[in-house]
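Q: First, the structure itself, so that you have it in front of you.
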Amino acid sequence: MVGTNKNLEKQHSPRCLVIGGSHSGVGKTTISLGLMAAFKKRGLKVQGFKVGPDFIDPGHHTRLLGTPSRNLDGWMLSKRYNLATFSKSMYGKDLGIVEGVMGLFDGYDGRSEAGSTAQMAKWLNSPVILVVDASSMARSIAAVVHGFETFDPDLQLKGVIANRVGSQNHTRFLAEAMESIPNVAFLGGLPRSKEIAIPERHLGLVTSDEDPYDIEIFDTLASMLEEHLELDKLSSLPTSGVKSDDIPLPKASQSGVRLGVARDEAFCFYYQDNLDLLTHFGAELCFFSPVRDSQLPPNLAGLYLGGGYPELFAPKLAENQNLKIEILAAAKGGMPIFAECGGFMYLTRSIEVEKRDYPMVGLYPFRTRMLSRRKALGYREVVLNKDSLLGPKGLRARGHEFHYSELINGSSEIANLYQVSNREGMEVRPDGFMVYNTLAGYIHFHFGSNPEMAGNFVESCKEYQETSSP
């Protein structure tokens, strides 16, 4: 094992590196995972973060590091919330590695940095390591890096990693070109390799919950980075971070409730902060699998059905008749149930996959149908049209929508609870369907945008528990 880096070990303030990309698809996830694995192997306590609303990459960070990775987002969440999340997560850690989103300066419009990796790096006061796909360039890498270095003088662009290099000679040419950019360290080139590829599908990488690869892939990644990158040079770069106070949250009542949370390979899209906020407000989270479990956990006062890939496991979900019947009975009995995207699809009559219908819970009168093209993608701001288990009329929160399915046959029969606008503030297709005491829709909320939502949901569960107790 390579020795621990003393520069990073001795620091007591949060230490952080932001991994940005010249554009989407350059290999930020591979490089980020590799750095996490390499520094973990060197004996450092590493914390993972992901810029943006993504669920899948944080899952891989978590599988590697053994501690929950956190989402940082400049649009869904306030600057104060982001900094508090970073600071709290870094307690007891040596190094934070923040995987960026899209290209370094790409955010939610073409005029500002809002929502971008660059914005988050500046909020965190942390240096950026730029990943460049060098598969079809040599000296031109210097021109690319020069543009990124000078575009925003307030950004700390400190290093560059060339990905998908073809040979040692190729790496040497790239290093020679980078000599003309003295303020940005060239940290080496990572060769193309099928050994470290993580499978992909329509929403991105295959999720870590599906065990798509042997855990030893991380050792392979770490070894490759040790061999091909100058990690000691990277370790010696000046890194910095921020400290921030926690955001004060309302105190929860002492009486807890048992909240069932669907979590398996079909339902795995949850922001860790959402689960933590539910726990803060008094919920005891009881995880169960709609794919494998024939019964719900006992003595539940509510259900939370997150997103994921129910369409890929539709046959197994359809066959699990006992659990579907129990969930339907709980909903009809008034149990508070909140479902997002894939969890929402599971509560409809059926999911159509490649022209075949698979019966689901049947709480909602309409069906969902998978499409070959993306149906919706983007940030969403929601205002509640009336009182619900998430809070009173007028409550405002933010989230994200990304799916390849659509509703068919009967969605107009139920009024929409959410008034929805996109990141530009323009109203888009409404969402949010309330039946009995179940609220479901396509939007994934981040409770950090309005923590009262988590508190209101738990309070609804407590009220149900009190009224339904014998």
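The values are calculated or read from the model by the stated rules, or taken from the named source; none is laboratory data. The structure displayed is predicted, hence computed values, not measured ones. Counting neighbours? That spans all protein chains shown, and the Cβs are built from the backbone with ideal geometry, glycine included.
Q: Mind checking whether some residue in segment 276-292 is of a type outside the set (Ser, Thr, Tyr), more than 24 Å from the chain's Cα centre (by Cα) and modelled with pLDDT of 95 or more?
A: Yes - at least one qualifying residue is present in segment 276-292.
Q: What are the residues in segment 38-77 that are under 20 Å from His444 (Cα atoms), of a type in the set (Gly, Ala, Ser) and touching a residue at least 60 places away in the same chain (Cβ under 8 Å), if any?
A: Residues satisfying the conditions are Gly52, Gly59, Ser69.
Q: Here's something else I'd like to know. Scan segment 293-317 for residues that are charged (D, E, K, R) and out of contact with any helix residue (DSSP H, G or I) (no Cβ under 8 Å at 6 or more places or on another chain) and jot them down. Outline the logic, then answer.
A: The first filter runs over segment 293-317 and keeps only residues charged (D, E, K, R), leaving 293, 311, 316.
The answer is Lys316, and nothing else.
Q: Now, a different point. Find all pairs meeting these conditions: Cβ atoms under 6 angstrom apart; at least six residues apart or on different chains; first residue within segment 296-324 and at pLDDT 95 or above; second residue polar (S, T, N, Q).
A: Correct list of pairs: Ala301/Gln465; Asn322/Ser294; Leu323/Ser294.
Q: Which one is surrounded by the fewest Cβ atoms within 10 Å (Cβ to Cβ) among residues in segment 415-470 that are in contact (Cβ under 8 Å) with a residue 60 or more places away in the chain and aromatic (Phe, Trp, Tyr)?
A: Tyr436
Q: Continuing with the same structure: In segment 96-125, what count of residues is obtained for those that are touching a residue at least 40 places away in the same chain (Cβ under 8 Å), of a type in the set (D, E, K, R) and over 16 Å from His23 (Cβ atoms)?
A: Adding up the residues that qualify gives 1.
Q: Let me ask something additional. Which members of segment 107-118 meet the condition of being buried (at least 24 other Cβ atoms within 10 Å of the Cβ) and either outside any loop (DSSP other than H, G, I, E, B) or of a type in the set (Phe, Trp, Tyr) (or both)?
A: Residues satisfying the conditions are Thr117, Ala118.
Q: Further question: Looking at segment 40-73, which of its residues are of a type in the set (Lys, Arg) and not in a helix (DSSP H, G or I)?
A: Step one: list which residues in segment 40-73 are of a type in the set (Lys, Arg), which gives 40-42, 45, 50, 63, 70.
Of everything in segment 40-73, those that are of a type in the set (Lys, Arg) and not in a helix (DSSP H, G or I) turn out to be Arg42, Lys45, Lys50, Arg70.
Conditions tested, residue by residue: (1) modelled with pLDDT of 95 or more; (2) surrounded by 23 or more Cβ atoms within 10 Å (Cβ to Cβ); (3) not small (Gly, Ala, Ser).
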{"position": "Ile56", "(1), (2), (3)": "no, no, yes"}
{"position": "Phe86", "(1), (2), (3)": "no, yes, yes"}
{"position": "Gly92", "(1), (2), (3)": "no, no, no"}
{"position": "Gly100", "(1), (2), (3)": "yes, yes, no"}
{"position": "Phe105", "(1), (2), (3)": "yes, no, yes"}
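Q: Where in segment 305-404 are there helices (runs of 4 or more DSSP H), lying wholly inside it, with at least 2 residues that are of a type outside the set (Val, Ile, Thr) and surrounded by fewer than 21 Cβ atoms within 10 Å (Cβ to Cβ)? Quick ask: steps written out before the conclusion?
A: Working: elements: 314-319, 321-332, 342-347.
Passing ranges, in order: 314-319, 321-332.
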